[in-house]
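S.K.: Take this structure, written in structure tokens, and hold onto it; I'll ask about it next.
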């Protein structure tokens, strides 16, 4: 097995684990929201639950997105694309993947920069739980970094497909 195969295997395992955590968060959200609705009938409110729900939604989005992209499970607007030849489709998919690669690199860079600034300043959210903000936000640049890598893989895949015609 070559270095590229080892990297792909490791990367795919990381994406699977991230998707597993996202699935756990979905289960947590389902239970916690149901419990909150039931408890509201008894005039009982768990004040931190809404806040944790917000953070969980952020985390599950950025943990699952690279996995969804890898499996091509995202929503596609391919009405126009499907009218093109397979070669043109591969070229356009390669081009849009390259654009996605660039965008994700930029967003990962600035996401790390902002998160690092919050870490250095020790900024805390002014909410009920008052957590430091950087552990909540770190998932954004990490998610975009993983999307960046997956977009590179996708670009290469479609480029090879385009060149094979």
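The values are calculated or read from the model by the stated rules, or taken from the named source; none is laboratory data. Just so it is clear, the structure is predicted and the values come from calculations on it, not from any experiment. Methodologically, a virtual Cβ is constructed for each residue, glycine included, from the backbone with ideal geometry; neighbour enumeration extends over all protein chains shown.
S.K.: For residue 117, which of the numbered conditions (1) part of a helix (DSSP H, G or I); (2) touching a helix residue (DSSP H, G or I) at 6+ places or on another chain (Cβ under 7 Å); (3) within 28 Å of residue 53 (Cβ to Cβ) fails to hold?
M.R.: Of the numbered conditions (1) part of a helix (DSSP H, G or I); (2) touching a helix residue (DSSP H, G or I) at 6+ places or on another chain (Cβ under 7 Å); (3) within 28 Å of residue 53 (Cβ to Cβ), the odd one out for residue 117 is (2).
S.K.: Identify all residues within region 43-79 that are assigned to a helix (DSSP H, G or I) and either over 30 Å from residue 128 (Cβ atoms) or more than 13 Å from the chain's Cα centre (by Cα) (or both); write none if there are none. Spell out how you get there, then give the answer.
M.R.: Step one: of region 43-79, the residues assigned to a helix (DSSP H, G or I) are 49-70.
Listed by number, the residues that qualify are 49, 50, 51, 52, 53, 54, 55, 66, 67, 68, 69, 70.
S.K.: Take the residues in region 149-165 that are surrounded by fewer than 21 Cβ atoms within 10 Å (Cβ to Cβ) and in contact with a helix residue (DSSP H, G or I) (Cβ under 6 Å, 6 or more places away or on another chain), then tell me which one is farthest from residue 106 (Cα to Cα).
M.R.: 165
S.K.: Separate question: Would you say residue 31 is surrounded by 11 or more Cβ atoms within 10 Å (Cβ to Cβ) and more than 21 Å from residue 151 (Cα to Cα)?
M.R.: Against the criterion (surrounded by 11 or more Cβ atoms within 10 Å (Cβ to Cβ) and more than 21 Å from residue 151 (Cα to Cα)), residue 31 does not qualify.
S.K.: Got at least one residue in region 89-107 being in contact with a helix residue (DSSP H, G or I) (Cβ under 8 Å, 6 or more places away or on another chain), within 26 Å of residue 52 (Cβ to Cβ), surrounded by 12 or more Cβ atoms within 10 Å (Cβ to Cβ) and at pLDDT 95 or above?
M.R.: Yes, some residue in region 89-107 is in contact with a helix residue (DSSP H, G or I) (Cβ under 8 Å, 6 or more places away or on another chain), within 26 Å of residue 52 (Cβ to Cβ), surrounded by 12 or more Cβ atoms within 10 Å (Cβ to Cβ) and at pLDDT 95 or above.
S.K.: From the list 20, 2, exactly one residue is closer than 18 Å to residue 142 by Cβ and free of Cβ contacts under 8 Å to residues at least 12 places away in the same chain. Which is it?
M.R.: Values: 2 fails: closer than 18 Å to residue 142 by Cβ.
After applying the criteria, what remains is 20.
S.K.: Would you confirm, using the coordinates I've provided, whether residue 115 is modelled with pLDDT of 95 or more, out of contact with any strand residue (DSSP E or B) (no Cβ under 6 Å at 6 or more places or on another chain) and loosely packed, with under 13 Cβ neighbours inside 10 Å?
M.R.: Details: modelled with pLDDT of 95 or more: yes; out of contact with any strand residue (DSSP E or B) (no Cβ under 6 Å at 6 or more places or on another chain): yes; loosely packed, with under 13 Cβ neighbours inside 10 Å: no.
No.
S.K.: Just give me the residues in region 80-122 being over 21 Å from the mean Cα position of the chain (by Cα) and in contact (Cβ under 8 Å) with a residue 40 or more places away in the chain, in sequence order.
M.R.: Across region 80-122, the qualifying residues are 86, 87, 90, 91.
S.K.: Now, a different point. Can residue 134 be described as closer than 30 Å to residue 85 by Cα and surrounded by 14 or more Cβ atoms within 10 Å (Cβ to Cβ)? Please lay out each step first, then the result.
M.R.: Numbers: closer than 30 Å to residue 85 by Cα: no; surrounded by 14 or more Cβ atoms within 10 Å (Cβ to Cβ): yes.
Here the answer is no, as residue 134 does not meet what is asked.
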